Amino acid sequence: AKEDYVATKAVAKKLGIQIEELDGWTCCGASHVQDIAPLAVLATNARNIALAEEQGLDLMTVCNTCTLMLREAKNELDRDDVQKARVNNILAQAGKKYKGTSDVTHFLWVLIRDYGLNNLKAKVVKPLSGLRVAEYYGCHLLRPQEETGFEDFQ
């Protein structure tokens, strides 16, 4: 979504976090495509990770579902050499190769884990004290915990 893109770029710039958009990335293929064509979805996500690997970068998303799909693909390929070879045969047709060297993370995790809550608090210019809000960050950011690995949701 355009608003996520604009907001992410603005926040990252304000906090001094350098981000680069990968040229040629594609949608993760979620929406149950994995139920119909699991190998195609696996190869699609491996290709996105391979694009980051070519630049020596980790892969960060602002989409919870993309984070989950990419992490599921990475975990599967890093555990299963047969599947990794199968996917790399597909990727070779586009001159790409999945190596497993890039981490997959979410912008929220970067803010919390890498940038730090205290650093975020120090950047607050206009506190929203007294504002009543309900947070929603989506279940795919926490579940399944064995795939996301960020925190225990229980």
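We did not get these values from a lab; they are worked out from the coordinates using the rules stated. Being a predicted model, the structure only gives us computed values, none of them experimental. Note that we place each Cβ from the backbone using ideal geometry, even for glycine, and neighbour counts take in every protein chain shown.
Taking H placed 1.01 Å from N in the peptide plane, check which residues at least 5 places from residue 105 or on another chain put their amide H under 5 Å from its amide H.
59, 60, 61
Compute a Gaussian network model of the chain, connecting alpha carbons closer than 10 Å, and tell me which residue from 131, 77, 68 fluctuates the most.
131
Quick check: residue separation of residue 82 and residue 1 times 0.36 nm, minus the Cα distance between them. What number comes out in nm?
Computed gain between residue 82 and residue 1 is 25.6 nm.
Percent of Cα-Cα pairs more than 19 Å apart in segment 16-101, please.
Summing the P(r) of segment 16-101 above 19 Å gives 33 percent of all pairs.
For the chain, modelled as a Gaussian network with Cα springs under 10 Å, which listed residue fluctuates most, 74, 96, 13?
Evaluated over the chain, the most mobile residue of the options is 13.
Pairing the Cα long axis of helix 2-15 with the longest principal axis of the chain, what angle in degrees results, from 0 to 90 and rounded to the nearest 10?
60 degrees
Expressed as an acute angle from 0 to 90° and rounded to the nearest 10, what is the orientation of the C-alpha long axis of helix 64-79 relative to the principal long axis of the chain?
40 degrees
Compute the Rg/Rh shape ratio of the chain: radius of gyration over Kirkwood radius, all on alpha-carbon atoms.
With Rg and the Kirkwood Rh in hand, the quotient comes to 1.00.
Between 81, 103, 58, which gets the highest mean-square fluctuation from a Gaussian network model of the chain, Cα cutoff 10 Å?
81
Need one number: nm distance between label points at residue 94 and residue 126, each 7 Å from Cα along Cα→Cβ, rounded to one decimal.
Label at residue 94, label at residue 126, 4.2 nm between them.
Over the Cα atoms of segment 63-119, what is the Rg over Rh ratio if Rh follows Kirkwood?
My calculation puts Rg/Rh at 1.12.
Would you please classify the overall shape of segment 1-65 from the alpha carbon gyration tensor, given that a ≥ b ≥ c denote the square roots of the eigenvalues, rounded means a/c under 1.5, and beyond that prolate means a/b larger than b/c while oblate covers the rest?
In terms of gyration-tensor shape, oblate.
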